[in-house]
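Trainee: Sharing a structure with you now.
The values are calculated or read from the model by the stated rules, or taken from the named source; none is laboratory data. Keep in mind that what you see is a predicted model, and the values were worked out from it rather than measured. Cβ sites come from the backbone with ideal geometry, for glycine too, and all protein chains shown count toward neighbours.
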Amino acid sequence: MRELAPAPTRPRAAPLAWQAAPPVDYAEAVRRYLVQAALSPGSRRVYLISLTGWTWPMVGRPTPLGTQRRRATPPIVPLALLDDPCTGPRLAAALTERTATADARTVNRELSALRSAAGWWLDQQWIRADPTVGLRHVASHPAALPPLTREQVARLFRAVTSLREHAFWRLLHDTGAPAEDLLGLDVGRLDLLHHHARPRGAPDAGSLITWREGATQLLRWLVAGRPAGPVFITDRKAPTGANPAHVCPVTGRARMSYRRAAEIFTEATRPLDPAGKGWTFQQLRHARRRPRES
């Protein structure tokens with residue numbers, strides 16, 4: 001009797017990232033979490049930045065600020081460190097420090113990213129304790145800080161060196177408009193002849209943002225050669241798949257985000273602030289309404 005050949009066997013599928021052996025390194029755990037997370041490419045990048053930022057306090061080191069943070073190499077963190085009883089208090093202290101240098105929305109987003117990742121790692125049984133227990137989102141409306149004085153504003157504009165920041169801060173001071181509205185301006189909506197612009201979605205002329213001639217001169221230099229796209233753009237090329245409405249068609253750079261703009265302002269004004277914390281956009285916006293000192 002003829003012997004039948006054995007039936008071919010199907011190759012075994014490679015295990016999914018989160019089904020492989022538990023990671024030893026925090027960075028690898030972050031990578032696997034982001035692989036399975038239902039996030040857009042832009043959100044995944046924001047989550048990676050947020051989760052990476054927590055590595056410094058996990059090992060008891062101060063987190064670099066501003067551009068130093070972007071260029072710094074994060075420390076290597078064993079994932080088992082998240083089970084250490086000392087990690088929670090370190091994160092709590094870092095959260096308090098971060099609240100003093102960033103807006104509530106940014107701080108809460110960074111905390112949410114860590115809390116979400118830690119919850120998933122617990123489900124995978126890679127960690128035994130949640131290091132975010134006891135951490136609370138910060139209030140969205142912190143106590144109002146006093147507006148900058150005329151002397152403080154003068155010092156600010158003497159110290160600024162970047163054309164982009166100088167133009168943006170001048171608009172904040174001249175208009176008193178929310179930073180988000182100014183960051184949302186497009187070149188095509190600027191009327192530099194009459195020193196005003198209509199923000200996106202503004203229904204009528206009563207919604208115009210107006211400023212003084214000095215700011216107009218800065219804007220002319222800033223947008224020279226750019227007939228369309230965002231007024232305030234980043235130093236880097238926009239990521240692949242970015243919304244064209246938020247990308248400069250000439251340079252390929254993305255619209256400046258509120259988080260990055262606020263981070264730059266805090267970093268630049270920290271040496272000018274006697275408290276050493278840096279000033280806020282709200283303090284600059286409201287400086288124009290400050291009563292004249294006698």
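Trainee: Take the range 99-134 and flag every residue that is surrounded by fewer than 17 Cβ atoms within 10 Å (Cβ to Cβ) and among the aliphatic types (A, V, I, L, M).
Mentor: Matches in the range 99-134: A100, A104, L122, A129, V133.
Here is a yes/no grid of residues against (1) outside any loop (DSSP other than H, G, I, E, B); (2) under 23 Å from T210 (Cα atoms); (3) in contact with a Lys or Arg (Cβ under 8 Å, 6 or more places away or on another chain):
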site	(1), (2), (3)
A118	yes, no, no
A129	no, no, no
L135	no, no, yes
L148	no, yes, yes
Q152	yes, yes, no
A167	yes, yes, no
H173	yes, yes, yes
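Table: residues versus (1) buried (at least 17 other Cβ atoms within 10 Å of the Cβ); (2) of a type in the set (F, W, Y); (3) modelled with pLDDT of 90 or more.
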{"residue": "F168", "(1), (2), (3)": "yes, yes, yes"}
{"residue": "T175", "(1), (2), (3)": "yes, no, yes"}
{"residue": "L182", "(1), (2), (3)": "yes, no, yes"}
{"residue": "L185", "(1), (2), (3)": "yes, no, yes"}
{"residue": "L190", "(1), (2), (3)": "yes, no, yes"}
{"residue": "H196", "(1), (2), (3)": "no, no, yes"}
{"residue": "A202", "(1), (2), (3)": "no, no, no"}
{"residue": "G206", "(1), (2), (3)": "no, no, no"}
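Trainee: Report yes if some residue within the range 220-231 is in a helix (DSSP H, G or I), aromatic (F, W, Y) and exposed (fewer than 13 other Cβ atoms within 10 Å of the Cβ); otherwise report no.
Mentor: Yes, there is a match, as at least one residue in the range 220-231 is in a helix (DSSP H, G or I), aromatic (F, W, Y) and exposed (fewer than 13 other Cβ atoms within 10 Å of the Cβ).
So that you can scan it fast, the table gives a plain yes or no per residue for (1) under 27 Å from the mean Cα position of the chain (by Cα); (2) buried (at least 17 other Cβ atoms within 10 Å of the Cβ):
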{"site": "R212", "(1), (2)": "no, no"}
{"site": "A238", "(1), (2)": "yes, yes"}
{"site": "P244", "(1), (2)": "yes, no"}
{"site": "V247", "(1), (2)": "yes, yes"}
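Trainee: Taking L145 and the conditions (1) assigned by TED's automatic domain parsing to the domain that holds L81; (2) surrounded by fewer than 19 Cβ atoms within 10 Å (Cβ to Cβ), which numbered condition does it fall short on, given that it satisfies the others?
Mentor: If we test L145 against (1) assigned by TED's automatic domain parsing to the domain that holds L81; (2) surrounded by fewer than 19 Cβ atoms within 10 Å (Cβ to Cβ), just (1) comes out false.
Trainee: If the requirement is being in a helix (DSSP H, G or I), more than 18 Å from the chain's Cα centre (by Cα), surrounded by 12 or more Cβ atoms within 10 Å (Cβ to Cβ) and not basic (K, R), which of these qualifies: A262, A287? Quick ask: steps written out before the conclusion?
Mentor: On the way: A262 fails: more than 18 Å from the chain's Cα centre (by Cα).
Of the residues listed, the single one that is in a helix (DSSP H, G or I), more than 18 Å from the chain's Cα centre (by Cα), surrounded by 12 or more Cβ atoms within 10 Å (Cβ to Cβ) and not basic (K, R) is A287.
Trainee: Could you check how many residues of the range 95-125 are in contact with a Ser or Thr (Cβ under 9 Å, 6 or more places away or on another chain), without any contact (Cβ under 8 Å) to a residue 60 or more places away in the chain and either in the same structural domain as S257 (by TED's automatic domain parsing) or more than 20 Å from E267 (Cα to Cα) (or both)?
Mentor: Residues that pass the stated criteria total 5.
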